[in-house]
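Accompanying notes for the structure given below.
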Amino acid sequence: MDLIDGNQIATAIIAELKAEVAAIGGRKPCLALVRVGEDPASISYVKKKEKTAAEIGVTSRVILPPVSITQAELFKLIDDLNADAAVDGILVQSPLPKHIDEVKVFRRVSPDKDVDGFNTINLGKVAQEDDTGFVACTPAGIMELLARSGVDLKGKHVVVLGRSLIVGKPIALLALQKRAGANGTVTVCHSATANLPAITRQADVLIAAIGRPEFVTAEMVKPGAVVIDVGVNRVPDPSKKTGYRLTGDVAFATVARQCAKITPVPGGVGPMTVAMLMKNTVKAFRMQALAARGG
């Protein structure tokens, strides 16, 4: 079994971006990070993104509206960022307060600045294999992990557990694409799938993104498969200072014994999500600069 080290691969991508940004003369790429309220996980995620941006040389602008902000007020804030030529990418950190419609917020971000890849237009561009769009960061990170680990999906059966707009649907579309590293045969499973273990045992590459701790057991995995664990779940553990431990959607200890490659949790897909956000931000900067020149 080979461990796919997301930290190592993300570090390599960040080093590449740092060199690219250092070579840019004048204004550097700018990412606006909007965090509504004081959700502890959101605070941690935004700090990580801010720190990584600084390491690369990307300017970050953190905006902290109160949890009481109305949807109309948040739309106005996003509209102002959309119109600001000094901002290349916009990320609205989820989860948002319950009185705000997340999907409508994602749609409000200009597709040209939607570095999170959730705008309807960018999701459509993934389906159309249009490289001018932005791919959601976690699915993009999974494809990078596979490519840099020597896993070519061509002709392989890729089984995706989960059908979310954030991971399941876009990774299925990416694996299907007619391009190097892709060309997989894809099955998407979900809560209504019948005889799930029989399907997952057919997978050459199994991608688990359902948010259920250690749901995927060894009996569900074909020997020699590649397993990508997207889940990050907090499980109570009194022995930890935090009172919990992090685990994925895969029962790592037993599954790892029989698969060819596997991502750990933490340290697998997670670091790639932030790295791909930065990659999208630099891409947005390049595209905005090209548009300004009339390209």
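Values quoted throughout were computed directly from the atomic coordinates according to the rules given, and no laboratory measurement underlies them. In this text the structure is predicted, and so the values were computed from the model without any measurement. Positions of Cβ are generated from backbone atoms using ideal geometry, with glycine treated the same way; all protein chains shown enter the neighbour counts.
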(message) Looking at the chain as a GNM with Cα springs under 10 Å, which of GLY124, GLY168, GLY181 has the largest mean-square fluctuation?
(response) GLY124
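Out of every Cα-Cα pair in segment 187-254, what percent are more than 16 Å apart?
Values: 1107 of 2278 pairs.
Looking at segment 187-254, the distances longer than 16 Å represent 49 percent of pairs.
What fraction of the DSSP beta bridges in segment 137-270 is antiparallel, stated in percent and rounded to the nearest 5?
Numbers: 4 of 20 bridges.
Among the beta bridges of segment 137-270, antiparallel pairing accounts for roughly 20 percent.
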(message) Can you compute the label reach from THR193? Point 7 Å from Cα along the Cβ direction, backbone N cut-off under 12 Å, restricted to segment 131-170.
(response) 158-164, 168-169
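Taking every DSSP beta bridge that has both residues in the chain, what percent is antiparallel when rounded to the nearest 5? Don't jump to the answer; show the numbers that get you there.
Details: 4 of 31 bridges.
The answer is about 15 percent antiparallel.
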(request) Arrange the peptides 205-213, 32-40, 71-79 so that the one whose residues have, on average, the most other Cβ atoms within 10 Å appears first. (result) 205-213, 32-40, 71-79
(request) Count the lysine pairs in segment 25-110 whose Cα atoms sit under 22 Å apart, keeping only pairs 8 or more residues apart in sequence or on different chains. (result) 6
(message) So if I take the centroid of the Cα atoms in segment 199-214 and the same for segment 244-295, what is the distance between those two points in Å?
(response) 17
(message) If each residue of separation counts as 0.36 nm, what is the full-extension length gain between ASP80 and ALA253 once their alpha-carbon separation is subtracted?
(response) 57.4 nm
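Sort 256-264, 110-118, 133-141 by packing, meaning the average of other beta carbons within 10 Å per residue, with the highest value first.
Values: 256-264: 19.1, 110-118: 23.3, 133-141: 26.0.
My ranking of the peptides, most packed first, is 133-141, 110-118, 256-264.
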(request) Could you sort 272-284, 192-204, 214-226 so that the peptide with the highest average Cβ count within 10 Å comes first and the rest follow in order? (result) 272-284, 214-226, 192-204
(request) Taking the dipole about the Cα centre of segment 195-295, with the C-beta of Lys and Arg at +1 and of Asp and Glu at -1, give me whichever of VAL216, LEU277, ASN195 is farthest to the positive side. (result) LEU277
(request) Would you please classify the overall shape of segment 80-160 from the alpha carbon gyration tensor, given that a ≥ b ≥ c denote the square roots of the eigenvalues, rounded means a/c under 1.5, and beyond that prolate means a/b larger than b/c while oblate covers the rest? (result) prolate
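Nothing charged except the Cβ atoms of Lys and Arg (+1) and of Asp and Glu (-1): what's the magnitude of the dipole of segment 137-270 about its Cα centre? Round to the nearest 20 debye.
With only Lys, Arg, Asp and Glu charged at Cβ, the dipole is about 140 debye.
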